[in-house]
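K.L.:
Pasting a structure below so you can have a look.
The values are calculated or read from the model by the stated rules, or taken from the named source; none is laboratory data. This is a predicted model, so every value here is computed, not measured. Using ideal geometry, Cβ is built from the backbone for each residue, glycine included, and neighbour counts are taken over all protein chains shown. For the accessible areas, the whole protein counts, side chains as well, though only heavy atoms, and no ligand, DNA or RNA atoms are used. Shrake-Rupley method; radii C 1.70, N 1.55, O 1.52, S 1.80 Å.
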Amino acid sequence: MANLLDQLKTMTTVVSDSGDINSIKAYKPTDATTNPSLIAAAAGMAEYQSIVDDVLMTAREKAAADASDEDVAAAAFKSLAVAFGLKILEIVPGRVSTEVDARLSYDTEGSLSAARDIIAQYNAAGIGNERVLIKLASTWEGIKAAEILETEGIHCNLTLLFGLHQAIACAEAKVTLISPFVGRILDWYKKDTGKDYAPVDDPGVHSVTEIYHYYKKFGYKTVVMGASFRNMGEIVELAGCDLLTIAPKLLQELQTSEGELVRKLDPAASKDLEIEKITVDKATFDKMHAENRMAHDKLKEGIEGFSEALESLEKQLTKRVAELAKPEAVGAK
């Protein structure tokens, strides 16, 4: 019998949730997705120092003669995620997701500018729009930016998604893909209730299942990619979801596990469900978001966490710029 990972690949597109290029090679996913925390972690690994250094040295060459280390690092920062994305695209046959600066999550115009810059960098490297997903936080402002980008042929992945209101707004905006966060939902409920949850009762699993059925019931083209898993059981309960983005540790567990994997989500089954259709304008979005404590808390926490990771990465890059200016320290970390 095939292992669980191979069985999962027959019913769900498997995506690697990592900036670690070696792990992506190991598990042969169709797509790959990164976020600021993953890029920061990968940038700190010795085996990827050459990628970081190449980006920093290119930024130094393009900078004005009197540019400070901070200025050079800031310029490099905008290109580093794309540099990792280009390496990942040498491995995966499908798409890579690259995230807009999380500090722009409530800035539609800023998000548009950053997204267009990211896609322009990929295009300049010979990568077409069809192989890139621009990741944006599922704030109202991020969703509106994605709606505009999709009309320009720039495909979007809406992340930090915790509630049905966010999912419906994304579908109405005709975004390509959403990433509801299973594990972070579970984290919130465990902390709030003090209870443990079996995978079949997992609130994150229930949230993604609800969104999946809603999309399939009403024929939305936006696809669902479950993300942020805490255990293999969550993945098993979502077998059949359009896509699942899975960290290397859990990919390994799936690959080394035997048994029959039962498909849990199927669009044909969704059609027969009785589901109320909801119209989500900004007022409804804000009301539903305010009433959903979990979604409110986790969206805020996620944006703050990604922003902190970016700030840490900027400091890391500034330090490395200074090191590269000293020939004797080029090999230092």
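K.L.:
Looking at (1) open to solvent by less than 10 Å² (accessible area, probe 1.4 Å); (2) touching a residue at least 40 places away in the same chain (Cβ under 8 Å), can you tell me which one residue 202 breaks?
P.N.:
In the conditions (1) open to solvent by less than 10 Å² (accessible area, probe 1.4 Å); (2) touching a residue at least 40 places away in the same chain (Cβ under 8 Å), residue 202 misses (2) alone.
K.L.:
Please specify each residue of the range 128-176 satisfying the condition of being in contact (Cβ under 8 Å) with a residue 60 or more places away in the chain, within 14 Å of the chain's Cα centre (by Cα) and not in a loop (DSSP other than H, G, I, E, B).
P.N.:
133, 135, 137, 157, 159, 160, listed by residue number.
K.L.:
Here is a further query. Would you confirm, using the coordinates I've provided, whether residue 184 is farther than 25 Å from residue 287 by Cα and basic (Lys, Arg)?
P.N.:
No.
K.L.:
Among the residues of the range 228-241, count how many are of a type in the set (S, T, N, Q) and either out of contact with any helix residue (DSSP H, G or I) (no Cβ under 6 Å at 6 or more places or on another chain) or surrounded by fewer than 21 Cβ atoms within 10 Å (Cβ to Cβ) (or both).
P.N.:
The number of residues fulfilling the criteria is 1.
K.L.:
Can you tell me which of 265, 244, 251 is touching a Phe, Trp or Tyr at 6+ places or on another chain (Cβ under 6 Å), surrounded by 19 or more Cβ atoms within 10 Å (Cβ to Cβ), modelled with pLDDT of 95 or more and not in a helix (DSSP H, G or I)? Outline the logic, then answer.
P.N.:
Details: 244 fails: touching a Phe, Trp or Tyr at 6+ places or on another chain (Cβ under 6 Å); 251 fails: not in a helix (DSSP H, G or I).
From the options 265, 244, 251, the qualifying one is 265.
K.L.:
Here is a further query. Filter the range 206-227 down to the residues that are part of a loop (DSSP other than H, G, I, E, B) and aromatic (Phe, Trp, Tyr), then identify the one that is surrounded by the fewest Cβ atoms within 10 Å (Cβ to Cβ).
P.N.:
Among them, the one singled out is 218.
K.L.:
List the number of the failed condition for residue 187; all other conditions in (1) in a loop (DSSP other than H, G, I, E, B); (2) open to solvent by 20 Å² or more (accessible area, probe 1.4 Å); (3) closer than 27 Å to residue 300 by Cα hold.
P.N.:
Here residue 187 meets the rest and fails (1).
K.L.:
What is the residue count in the range 86-123 for residues that are touching a Ser or Thr at 6+ places or on another chain (Cβ under 6 Å) and either open to solvent by less than 20 Å² (accessible area, probe 1.4 Å) or β-branched (Val, Ile, Thr) (or both)?
P.N.:
6
K.L.:
Given (1) open to solvent by 30 Å² or more (accessible area, probe 1.4 Å); (2) free of Cβ contacts under 8 Å to residues at least 40 places away in the same chain; (3) aliphatic (A, V, I, L, M), identify the lone condition not met by residue 83.
P.N.:
Residue 83 satisfies all of (1) open to solvent by 30 Å² or more (accessible area, probe 1.4 Å); (2) free of Cβ contacts under 8 Å to residues at least 40 places away in the same chain; (3) aliphatic (A, V, I, L, M) except (1).
K.L.:
Go over the candidates 246, 211 one by one and state the one that is β-branched (Val, Ile, Thr) and closer than 17 Å to residue 11 by Cβ.
P.N.:
246
K.L.:
When you scan the range 128-158, how many residues do you find that are touching a strand residue (DSSP E or B) at 6+ places or on another chain (Cβ under 9 Å) and not hydroxyl-bearing (Ser, Thr, Tyr)?
P.N.:
Within the range 128-158, residues that are touching a strand residue (DSSP E or B) at 6+ places or on another chain (Cβ under 9 Å) and not hydroxyl-bearing (Ser, Thr, Tyr) number 19.
K.L.:
Can you report the number of residues in the range 10-50 which are among the charged types (D, E, K, R), over 12 Å from residue 92 (Cβ atoms) and crowded, with 17+ Cβ neighbours inside 10 Å?
P.N.:
Looking only at that region, the number is 2.
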